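See structure below.
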């Protein structure tokens, strides 16, 4: 009786076990390891950028909400740092979180933002402890905020409130609206 070998359509003898060889497996693992060493740091940087962008937009949203409420309620509304999430605290840092609070008697915060991630700071250039929008939509004092994380000033974000109550954030990371480099505490 003759032995028949299995052949594929091209007439070439097929391997008895069709799987990966040890060398193929080792090469695949090496390529995967190289890709991971490149991808993980890039992904971490993406997450840091996203967190910082989200925080800056939370500040812009709070400032816009305060301005809108001031005009709507025909009263002063402030954005201020808070320690407890219900009242303004002049001794609290902005990085501990902030609230939008009307000056009307018995009002509760319209918006509360929790404390920032560890290592992230939010500072106001002139040391303001509140940004107060008047019923006209204008502010009682201009404000300039710098948002920094562990990466330093080159990755900082900038938000400014002008005298008319206009709110703007710099499109260029690490620079103010005028293009000057930012500094972090």
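Within the stretch 154-172, if we keep just the residues that are surrounded by 15 or more Cβ atoms within 10 Å (Cβ to Cβ) and within 16 Å of the chain's Cα centre (by Cα), the residue that is farthest from residue 127 (Cα to Cα) turns out to be 155. Restricting attention to the stretch 76-92, the residues that are at negative phi and assigned to a loop (DSSP other than H, G, I, E, B) total 11.
Name the residue, out of 34, 71, 38, that is farther than 30 Å from residue 125 by Cβ and more than 23 Å from the chain's Cα centre (by Cα). That would be 34, the only listed residue that is farther than 30 Å from residue 125 by Cβ and more than 23 Å from the chain's Cα centre (by Cα).
Out of the residues in the stretch 127-149 that are assigned to a loop (DSSP other than H, G, I, E, B) and touching a residue at least 60 places away in the same chain (Cβ under 8 Å), which is farthest from residue 79 (Cα to Cα)? Give the steps one after another, and end with the answer.
Within the stretch 127-149, the subset assigned to a loop (DSSP other than H, G, I, E, B) is 127-130, 134-138, 140-142, 149.
Now restrict to residues that are touching a residue at least 60 places away in the same chain (Cβ under 8 Å): 134-137, 140, 149.
On the way: 134: 12, 135: 14, 136: 16, 137: 13, 140: 12, 149: 22 Å.
If we take residues in the stretch 127-149 being assigned to a loop (DSSP other than H, G, I, E, B) and touching a residue at least 60 places away in the same chain (Cβ under 8 Å), then 149 is farthest from residue 79 (Cα to Cα).
Scanning the stretch 20-35 for residues that are at pLDDT below 85 and either in a helix (DSSP H, G or I) or under 26 Å from residue 150 (Cα atoms) (or both) turns up nothing.
Of the residues making up the stretch 57-72, just one is in contact with a strand residue (DSSP E or B) (Cβ under 6 Å, 6 or more places away or on another chain) and either over 21 Å from residue 163 (Cβ atoms) or assigned to a loop (DSSP other than H, G, I, E, B) (or both), namely 58. Taken as a whole, the condition of being more than 27 Å from residue 182 (Cα to Cα) and buried (at least 20 other Cβ atoms within 10 Å of the Cβ) does not apply to residue 131. Condition check for residue 149 on (1) at pLDDT 95 or above; (2) within 23 Å of the chain's Cα centre (by Cα); (3) crowded, with 17+ Cβ neighbours inside 10 Å: one failure, at (1). For the stretch 93-124, a tally of residues being on the phi < 0 side of the Ramachandran plot, within 22 Å of the chain's Cα centre (by Cα), part of a loop (DSSP other than H, G, I, E, B) and surrounded by 15 or more Cβ atoms within 10 Å (Cβ to Cβ) returns 5.
The values are calculated or read from the model by the stated rules, or taken from the named source; none is laboratory data. This one's a predicted model, so the numbers in the text were calculated from it and none came from an experiment. As a convention, Cβ positions derive from the backbone with ideal geometry for all residues, glycine included, and neighbour counts pool all protein chains shown.
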